[in-house]
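Here is the structure we will look at.
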Amino acid sequence: KAGVTQTPRYLIKTRGQQVTLSCSPISGHRSVSWYQQTPGQGLQFLFEYFSETQRNKGNFPGRFSGRQFSNSRSEMNVSTLELGDSALYLCASSPSAFSGANVLTFGAGSRLTVL
Amino acid sequence: GENVEQHPSTLSVQEGDSAVIKCTYSDSASNYFPWYKQELGKGPQLIIDIRSNVGEKKDQRIAVTLNKTAKHFSLHITETQPEDSAVYFCAASKDDYKLSFGAGTTVTVRA
């Protein structure tokens, strides 16, 4: 069973540009979450989607947005990039929510560097 | 929001010894507490989790304990091996959608 797949794995952008990251969840999983990981702030929740609807959102500015498609694949977008957006962006999926026996499974992440 | 504190930030143990990592959480409504292991260049991988209706859970060399009254939970790794070297994160959740993570513990197992 394939895991959570994130593309691209590495990318470099300059300040002011925008970036789109993609995530394919585990087959059958309908919930996709995004987290930002930095040395200073650790792992911070960005947002969570289920059946193409954003159910939960973290405390990030509006420059960070996301969406989910009917096949459960998700994308996140960051506009007007700042140096502080350099981070590892992690996508995670679960069947619906991580209740009962369901758990959250992470992908390997997309490493974004903003110059 | 939920605040999760994790200690220590670094931990060095001799191979074969035990390692203990402790976390505290602030929101008494939290009811799910997973532990993740992250190796270099990889995403976090779930190693064990516990729910608030259980006080202790064990899986081979790994165990987690939960004290709801004190709002703290701990990870215990026995008979440590070099492959246990990694960064470990505790987390807490009250809504099954969002995890609040601790800052992480870098564990080094000395051969």
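Miscellaneous remarks
- Evaluating residue B:52 against the criteria (1) modelled with pLDDT of 95 or more; (2) more than 25 Å from residue A:4 (Cβ to Cβ); (3) surrounded by fewer than 18 Cβ atoms within 10 Å (Cβ to Cβ); (4) polar (S, T, N, Q) leaves one unmet condition, (1).
- Residues of region B:56-111 satisfying the condition of being away from chain A (no Cβ under 14 Å) and part of a loop (DSSP other than H, G, I, E, B): B:60, B:61, B:68, B:69, B:70, B:71, B:78, B:79, B:80, B:81, B:85, B:111
- Strands (runs of 3 or more DSSP E) lying entirely in region A:46-88 (those with 1 or more residues that are touching a Cys at 6+ places or on another chain (Cβ under 8 Å) and hydroxyl-bearing (Ser, Thr, Tyr)): A:74-78
- Of all residues in region A:45-73, those being away from chain B (no Cβ under 14 Å), under 11 Å from the mean Cα position of the chain (by Cα) and polar (S, T, N, Q) number 1.
- From the list A:81, A:88, A:104, A:112, the one residue that fits, being more than 28 Å from residue B:52 (Cβ to Cβ), among the aliphatic types (A, V, I, L, M) and facing chain B (nearest Cβ under 9 Å), is A:88.
- Scanning region B:5-49 for residues that are out of contact with any strand residue (DSSP E or B) (no Cβ under 6 Å at 6 or more places or on another chain) and among the acidic types (Asp, Glu) turns up B:17, B:27.
- For region B:71-111, a residue qualifies if it is without any contact (Cβ under 8 Å) to a residue 40 or more places away in the chain and surrounded by fewer than 22 Cβ atoms within 10 Å (Cβ to Cβ), and the qualifying residues are B:83, B:85, B:95, B:97.
- The set of residues from region A:18-39 being at the interface with another protein chain (Cβ under 10 Å from one of its Cβ atoms) and either out of contact with any strand residue (DSSP E or B) (no Cβ under 6 Å at 6 or more places or on another chain) or farther than 14 Å from residue A:84 by Cα (or both) comprises A:31, A:33, A:35, A:39.
- The listed residue being modelled with pLDDT of 95 or more, within 21 Å of residue A:19 (Cα to Cα) and touching a Pro at 6+ places or on another chain (Cβ under 9 Å), out of A:73, A:63: A:73
- Condition met for residue A:72 (of a type outside the set (A, V, I, L, M, F, W, C) and either over 22 Å from residue B:30 (Cβ atoms) or surrounded by fewer than 19 Cβ atoms within 10 Å (Cβ to Cβ) (or both)): yes
- Those residues of region A:1-25 which are part of a loop (DSSP other than H, G, I, E, B) and buried (at least 18 other Cβ atoms within 10 Å of the Cβ), in sequence order: A:4, A:25
The values are calculated or read from the model by the stated rules, or taken from the named source; none is laboratory data. Since we're looking at a predicted model, the values are computed, not measured. Methodologically, a virtual Cβ is constructed for each residue, glycine included, from the backbone with ideal geometry; neighbour enumeration extends over all protein chains shown.
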